[in-house]
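Let me begin by presenting the structure, written as structure tokens, before commenting on it.
The values are calculated or read from the model by the stated rules, or taken from the named source; none is laboratory data. None of these values were measured; they are calculated from a predicted model. Every residue, glycine among them, receives a Cβ derived from its backbone with ideal geometry; neighbour counts consider all protein chains shown.
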Amino acid sequence: MAEISAKLVKTLRDKTGAGMMDCKKALSETNGDTDKAIEWLRQKGIASAEKKAGRTAAEGAIGSYIHTGARVGVLVEVNCETDFVARGDIFQELIRNVAMQIAACPSVDYVKVEDIPAEVADREKQIEMGRDDLAGKKEEMKERIVSGRIGKRLKEMTLMDQPYIKDTAMTVSELVKQVAGKVGENIQVRRFVRFNLGEGIEVESADFAAEVAAMGGAL
């Protein structure tokens, strides 16, 4: 496989407007061939989606998903630019798929990394800094190691960075970009909430042995 240099990635980005990571993946998939990479991005709808990303997406819909057994439920808001697209089958299918994804990812609490509060990121960093395998290492080295781990950890907490459950070769972000390319509008997953049956309810468990002991063994 050809080496994918930063210069080659930048060249593709300048030509297509696609994100750096998408460009790198396109080049990796096409063995570094820029022309084929452009075709790959166009087929995926990524290049056109990136160009529309700055446009206002104030329409859309709120979708829901109730998992089998009715113990997990999800509400998600996905935005697009027009009501026409919002009512279309392609957009509605995307909402259902995103809602199912959220239900399948109980450890995901945020849409994207940028949504994670600074205090949460700092807490995760402190946890990583205290790992036993870093004991005795120089501070500069610890920072480098933790930086890489934190980047991975924060992505584990975000919806858009998850492998898509119906096609793990792509992320949820790439799925959304594909649909945006198909419908010709900016599409954004704005927010979601997950409901787990009984979550937050304290359930008292009866300790029959203790009750019997307290009664002096009498039944």
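Does the stretch 145-154 include one or more residues that are touching a helix residue (DSSP H, G or I) at 6+ places or on another chain (Cβ under 8 Å) and within 21 Å of residue 190 (Cβ to Cβ)? Yes. Residue count for the stretch 81-104 under the criterion of being surrounded by 14 or more Cβ atoms within 10 Å (Cβ to Cβ), part of a loop (DSSP other than H, G, I, E, B) and free of Cβ contacts under 8 Å to residues at least 60 places away in the same chain: the result is 0. Which of (1) within 13 Å of the chain's Cα centre (by Cα); (2) closer than 26 Å to residue 92 by Cα does residue 178 not meet, given it meets every other one? For residue 178, the exception is condition (1).
Under 8 Å by Cβ, and 6 or more places apart or on different chains, what pairs join a residue from the stretch 41-68 that is within 18 Å of residue 94 (Cα to Cα) and hydroxyl-bearing (Ser, Thr, Tyr) with one that is at pLDDT 80 or above and part of a helix (DSSP H, G or I)? Hits for this filter: 48/180; 48/181; 64/99; 65/96; 65/99; 65/100; 65/102; 65/103.
How many residues are among the acidic types (Asp, Glu) and either at pLDDT 90 or above or within 23 Å of residue 24 (Cβ to Cβ) (or both) if we restrict to the stretch 164-219? Spell out how you get there, then give the answer.
First, pick out the residues of the stretch 164-219 that are among the acidic types (Asp, Glu): 167, 174, 185, 199, 202, 204, 207, 211.
Cutting the leftovers down to either at pLDDT 90 or above or within 23 Å of residue 24 (Cβ to Cβ) (or both) gives us 167, 174.
Residues flagged as among the acidic types (Asp, Glu) and either at pLDDT 90 or above or within 23 Å of residue 24 (Cβ to Cβ) (or both) within the stretch 164-219 amount to 2.
Number of residues in the stretch 54-80 that are small (Gly, Ala, Ser), crowded, with 16+ Cβ neighbours inside 10 Å and within 12 Å of residue 186 (Cβ to Cβ) equals 2.
On the given criteria, is residue 155 among the charged types (D, E, K, R) and modelled with pLDDT of 90 or more?
Values: among the charged types (D, E, K, R): yes; modelled with pLDDT of 90 or more: yes.
Spelling it out, residue 155 is indeed among the charged types (D, E, K, R) and modelled with pLDDT of 90 or more.
Being of a type in the set (S, T, N, Q) and closer than 30 Å to residue 56 by Cα is a condition met by at least one residue of the stretch 99-122.
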